[in-house]
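Quick notes on the structure that follows.
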Amino acid sequence: MRRAEVVVVGGGLAGITAALDCAQAGAQVTLLEARGRLGGAAYSFVRGGLTVDNGQHVFLRCCSAYRQLLERIGAAELVSLQQRLEVPVLAPGGRVGWLRRTGLPAPLHLALALARYPYIGGRELVALAWAMQRLRAVDTDSAESDRIAFGDWLRRHRQSPRAVAAVWDLIVRATVNLTVQEASLAQVAQVFQVGLLADAAAGDIGWARVPLGELHDVRARAALERAGVRLRLRATALEIGEATEAGEPTEAGEPTEAERGEPPRYLVRTAHGQALRADAVIVALGPAAAQRLLPPAAGLAPDFARRLGSSPIVNVHVVYDRRVLAHPLAAAIESPVQWLFDRSQGAGLRDGQYVVVSLSAADGELHASATDLRGRFLPALAELLPAARAATVRDFFVTREHAATFRAAPGARELRPGPVTALPGLVLAGSWTDTGWPATMEGAVRSGHAAAHEAMLASMASDRGAALVAARA
């Protein structure tokens, strides 16, 4: 039986996952990536002798698909995962509160930490516990829940501005990349239900000890090569069309293969003049890039990317001459700083400390100059970290992801397509597709699995392909 031929367009986590799945199912896979590296939006670059991540990407213990991908590409030993959730929450003046779990079952695992949390009072704590219980009951698949703004829901559940800032927004911004006022109730409920309220260990935080490029490019590339995937870097896909038996596009007026009752065959043309035939094509790009590439017959609305929208992430990078942050990560309140990470070891810094400030839903910082951000964030860091007041700043720079994620705003769920398009064998992947998860590394990997399932289902060119379909059904 002839092997299925699958072309994957896009070498981010969704494309890597889909390519590995299809190759494991027996397909001949070609992966096209326009850049000279893999990893998509989670990548590294070199600056001033340091290997710098474009932004700080973390995962949780509940991110099972991403963690399995790390095992699959031989990179699990390169990440750290907390034994128990423990987050210091800093406030100006050197104040520190803690969000940490105990060994009690969920949702009691956070009760002691919240009772001792210095940023909310007793009445606020009671209201917070009541709202958490109500959040457990929200139907995350309900279109009605998805059309409700989480901020409106919080007001109805009597959450004070202080509780919103000290707890709710602290978590929502970092996971959904929107403020509580902008985010969908259903999406936020999914985050809390899966990450905090169902399993006590689910919210333990993990991060890469090495640059992201070592995981998502170097290790992933080696895994793809071992799987027999043909990797084409700096190969931009320009067009996806239907191909004839001879491998050329159909002539005007000539019946298509679908009209002749045969499985459709695709021709993917690249900027270098290549023309790749495929039984199935997986488009694992961002919404805007996917919209430009997909043919109209795929059936997606012509303005779906605009309607889905995007939300930016800005990262402020500061290299100090001494250690100023005593923790591998921390959150902040009452400050323009949101989350802080010590990236010294991973970046290769031998003395001093390299601190990254990660700003989610960063519309206000997106277009600010580096000078303006320096004037704002260095004093803010000094307010949070007393040791920073006497430290010398060796380097300061900013990275920006203008369209880091889709906007998980009210009504967004109905705008997120599934993997299947109107053209059999033309499949979508990406964290913006309808995985049920926000735009995270976990969502990207889950979308890759779903896309590979649909691609192999469409081609069914091998017994192993059928086996994969049955295994994922």
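The values are calculated or read from the model by the stated rules, or taken from the named source; none is laboratory data. Please read all numbers here as calculations on a predicted model, not as lab measurements. All Cβ positions, even for glycine, are placed from backbone atoms using ideal geometry, and neighbour counts span all protein chains on display.
Looking at this structure, is L50 closer than 26 Å to T17 by Cβ and either touching a strand residue (DSSP E or B) at 6+ places or on another chain (Cβ under 8 Å) or of a type outside the set (K, R) (or both)?
No; evaluated as a whole, the condition is false for this residue.
Which residue, of A305, A290, is of a type outside the set (D, E), touching a helix residue (DSSP H, G or I) at 6+ places or on another chain (Cβ under 7 Å) and not in a strand (DSSP E or B)?
A305
Is it the case, given these coordinates, that E239 is assigned by TED's automatic domain parsing to the domain that holds Q274 and surrounded by fewer than 20 Cβ atoms within 10 Å (Cβ to Cβ)?
yes
Among the residues in segment 395-406, are any assigned to a strand (DSSP E or B), of a type in the set (D, E), farther than 27 Å from M456 by Cα and more than 19 Å from the chain's Cα centre (by Cα)?
Looking for residues that are assigned to a strand (DSSP E or B), of a type in the set (D, E), farther than 27 Å from M456 by Cα and more than 19 Å from the chain's Cα centre (by Cα), one finds at least one in segment 395-406, hence yes.
Does P417 meet the test of being surrounded by fewer than 16 Cβ atoms within 10 Å (Cβ to Cβ) and in contact (Cβ under 8 Å) with a residue 40 or more places away in the chain?
no
Among the helices (runs of 4 or more DSSP H) lying completely within segment 35-140, list those that include at least 2 residues that are polar (S, T, N, Q).
Counting at least 2 such residues, we get 64-72.
Which members of segment 176-209 meet the condition of being under 18 Å from the mean Cα position of the chain (by Cα), β-branched (V, I, T) and not in a helix (DSSP H, G or I)?
T179, I205
Looking at A127, A137, A143 in this structure, which one is closer than 20 Å to I333 by Cβ and in the same structural domain as G195 (by TED's automatic domain parsing)?
A127
Could you check how many residues of segment 316-362 are under 21 Å from A183 (Cα atoms) and not small (G, A, S)?
7
Filtering segment 427-441 down to residues that are out of contact with any Pro (no Cβ under 8 Å at 6 or more places or on another chain) and farther than 18 Å from A403 by Cα, which residue is surrounded by the fewest Cβ atoms within 10 Å (Cβ to Cβ)?
G436
Residues D141, D199, D146, D204: which one is among the charged types (D, E, K, R), in contact with a Ser or Thr (Cβ under 8 Å, 6 or more places away or on another chain) and modelled with pLDDT of 95 or more?
Testing whether each residue is among the charged types (D, E, K, R), in contact with a Ser or Thr (Cβ under 8 Å, 6 or more places away or on another chain) and modelled with pLDDT of 95 or more leaves just D146.
Looking only at segment 349-379, filter to residues that are in a helix (DSSP H, G or I) and of a type in the set (K, R); which one of those is nearest to A42 (Cα to Cα)?
Residue satisfying both the conditions and the ranking: R374.
Count, please, the residues in segment 171-193 that happen to be farther than 30 Å from G348 by Cβ and surrounded by 20 or more Cβ atoms within 10 Å (Cβ to Cβ).
Total meeting the criteria: 15.
Which of the residues belonging to segment 257-296 are among the aliphatic types (A, V, I, L, M), surrounded by fewer than 20 Cβ atoms within 10 Å (Cβ to Cβ) and either in contact with a Ser or Thr (Cβ under 6 Å, 6 or more places away or on another chain) or at pLDDT below 95 (or both)?
A258, A271, A275
I'd like the full set of residues that are closer than 22 Å to A223 by Cα and either surrounded by fewer than 17 Cβ atoms within 10 Å (Cβ to Cβ) or of a type in the set (S, T, N, Q) (or both), limited to segment 79-91.
Of everything in segment 79-91, just one residue is closer than 22 Å to A223 by Cα and either surrounded by fewer than 17 Cβ atoms within 10 Å (Cβ to Cβ) or of a type in the set (S, T, N, Q) (or both), namely S80.
On the given criteria, is L32 in contact with a helix residue (DSSP H, G or I) (Cβ under 8 Å, 6 or more places away or on another chain), not in a loop (DSSP other than H, G, I, E, B) and not aromatic (F, W, Y)?
Judged against the criteria, L32 is not a match.
Identify the residue in segment 141-152 that is of a type outside the set (F, W, Y) and assigned to a helix (DSSP H, G or I) and, among all such residues, is nearest to P88 (Cα to Cα).
Per the stated criteria, the residue is G151.
What about S335, is it small (G, A, S) and in contact with a helix residue (DSSP H, G or I) (Cβ under 7 Å, 6 or more places away or on another chain)?
Spelling it out, S335 is indeed small (G, A, S) and in contact with a helix residue (DSSP H, G or I) (Cβ under 7 Å, 6 or more places away or on another chain).
If only one of G430, G448 is assigned to a helix (DSSP H, G or I), under 22 Å from I240 (Cα atoms), touching a Gly at 6+ places or on another chain (Cβ under 9 Å) and not acidic (D, E), which one is it?
The match here is G448.
Please go through segment 17-42 and give me each residue that is buried (at least 21 other Cβ atoms within 10 Å of the Cβ) and either farther than 26 Å from A458 by Cβ or touching a Pro at 6+ places or on another chain (Cβ under 6 Å) (or both), ordered by number.
Passing the criteria: G39, A41, A42.
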